[in-house]
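Asker: Pasting a structure here, questions to come.
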Amino acid sequence: MKKKILYVVLAIIFIVALILTAVVGLKVDLNYAEGNTITFTVGKNITTEEISNIAKEVFGNDEFLVQEVEMFGDSALIKVRKDITEGQLSNLCTKLNEKYEIELETSDLDVNHIPNNKLRNVIQPYIIPMGLSTLLIVAFYAIRFKGTKKMLNLIKYLIIAEGLLYSLYAICRVPVNELTMPLAVTVYTLVVIIYSAVNELSLDTKQAKNEQNKPE
C-alpha cells in the first residue's frame, strides 16, 4: 500500500513537471538563453570584475554576464537577456572611456543577437556514452543475478532518480547550466553504485545462509 502511494506521488510530480515544461519551458542560465552580446576591445588589461561593475551601472538590475575574450586580456563580452538600447550603448562607451582613459565610440562595439541554445545540444554529447553504459550495466545484471528482476529494478530506480532531478529543475525553476548534465551523470552513477552494493550484500548474505544450511 505504501509503495502504491509513493508511486502515485511520484507520478503526480512527474506530470506537473511535464506540464510546466510544456507551458513555460525549463528555466535556463543566461549562458544558454536568448540574449544580446556586446563585444569590445579597450587595448588595456581588464578584469571581469571591473567590466561587471560598469555593466551593472549601465544595465541596472537587468540580467547580464561578463566574459573575457581573446588571449591578450584586453577584450570582453557582455551578454544581456533584454534588448540593448542606443542610450545604454552610449552610456557603456562613456563609462569605459572614463575607466580606461580611451576613446571608444558606439561603432566600436560589436552587438549581436544570440538565439536560444537548444537543450538537446546540451544533452546530446551525453546520450551515446550513457546509453552504452546502461546497456553494459543491464547486461551485467542479467548475467550476475541470473534473471531480469534486478535488471528491471535498476532501470526503474534510474528513471525515478533522473525524473526527480528533472522535476526539481522544472518545478523549482532551477536554471539549466553547465553543471546540469554532470549532476545528472553523478546521480546516475550513485544510483548504480548504491543499488549494486545493496544487491551484492544481499547475494553474499544469501550464499552464506546456504552454506550454513548445507548438510555436513
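The values are calculated or read from the model by the stated rules, or taken from the named source; none is laboratory data. Note that this is a predicted model, so its numbers are computed, not measured. Note: ideal-geometry Cβ built from the backbone for every residue, glycine included; neighbour counts use all protein chains shown.
Asker: Pairs, please: C-beta under 7 Å, at least 6 apart or cross-chain, first residue over 22 Å from Ala11 (Cα atoms) and in region 141-170, second of a type in the set (A, V, I, L, M)?
Answerer: Tyr141/Met151; Tyr141/Leu154; Ala142/Met151; Thr148/Ala142
Asker: Something else now. I'd like the full set of residues that are in a strand (DSSP E or B), of a type in the set (D, E, K, R) and either surrounded by fewer than 17 Cβ atoms within 10 Å (Cβ to Cβ) or in the same structural domain as Glu178 (by TED's automatic domain parsing) (or both), limited to region 27-82.
Answerer: Selection gives Glu68 alone.
Asker: Which of the following residues is modelled with pLDDT of 90 or more and either of a type outside the set (Ser, Thr, Tyr) or farther than 25 Å from Ile12 by Cα (or both): Lys79, Lys118?
Answerer: Answer to the selection: Lys79.
Asker: Answer with yes or no whether Gly131 is free of Cβ contacts under 8 Å to residues at least 12 places away in the same chain and assigned by TED's automatic domain parsing to the domain that holds Val66.
Answerer: Spelling it out, it is not the case that Gly131 is free of Cβ contacts under 8 Å to residues at least 12 places away in the same chain and assigned by TED's automatic domain parsing to the domain that holds Val66.
Asker: Same structure, new question: I need the full set of residues from region 174-203 which are among the small types (Gly, Ala, Ser) and exposed (fewer than 12 other Cβ atoms within 10 Å of the Cβ), in order please.
Answerer: Ala197
Quick grid of which residues meet (1) of a type in the set (Val, Ile, Thr); (2) within 30 Å of Tyr188 (Cα to Cα); (3) touching a Leu at 6+ places or on another chain (Cβ under 6 Å):
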residue: Ile114; (1), (2), (3): yes, no, no
residue: Lys118; (1), (2), (3): no, yes, no
residue: Leu135; (1), (2), (3): no, yes, no
residue: Val138; (1), (2), (3): yes, yes, no
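Asker: Could you please give the count of residues in region 101-157 that are part of a loop (DSSP other than H, G, I, E, B) and closer than 30 Å to Lys82 by Cα?
Answerer: Summing the residues that are part of a loop (DSSP other than H, G, I, E, B) and closer than 30 Å to Lys82 by Cα in region 101-157 gives 10.
Asker: Let me ask you something else. Can you name the number of the only condition in (1) under 22 Å from Glu63 (Cβ atoms); (2) in contact (Cβ under 8 Å) with a residue 40 or more places away in the chain; (3) among the hydrophobic types (A, V, I, L, M, F, W, C) that Ala184 fails?
Answerer: (1) is the only condition that Ala184 fails.
Asker: Just wondering, is there one or more residues in region 193-210 that are within 21 Å of Lys118 (Cβ to Cβ) and either modelled with pLDDT under 90 or assigned by TED's automatic domain parsing to the domain that holds Phe140 (or both)?
Answerer: Within region 193-210 (the criterion being within 21 Å of Lys118 (Cβ to Cβ) and either modelled with pLDDT under 90 or assigned by TED's automatic domain parsing to the domain that holds Phe140 (or both)), the answer is no, since none of the residues qualifies.
Asker: From the list Tyr169, Tyr188, Tyr195, which one is within 19 Å of Leu30 (Cα to Cα) and either touching a helix residue (DSSP H, G or I) at 6+ places or on another chain (Cβ under 8 Å) or not in a helix (DSSP H, G or I) (or both)?
Answerer: Unique residue meeting the criteria: Tyr169.
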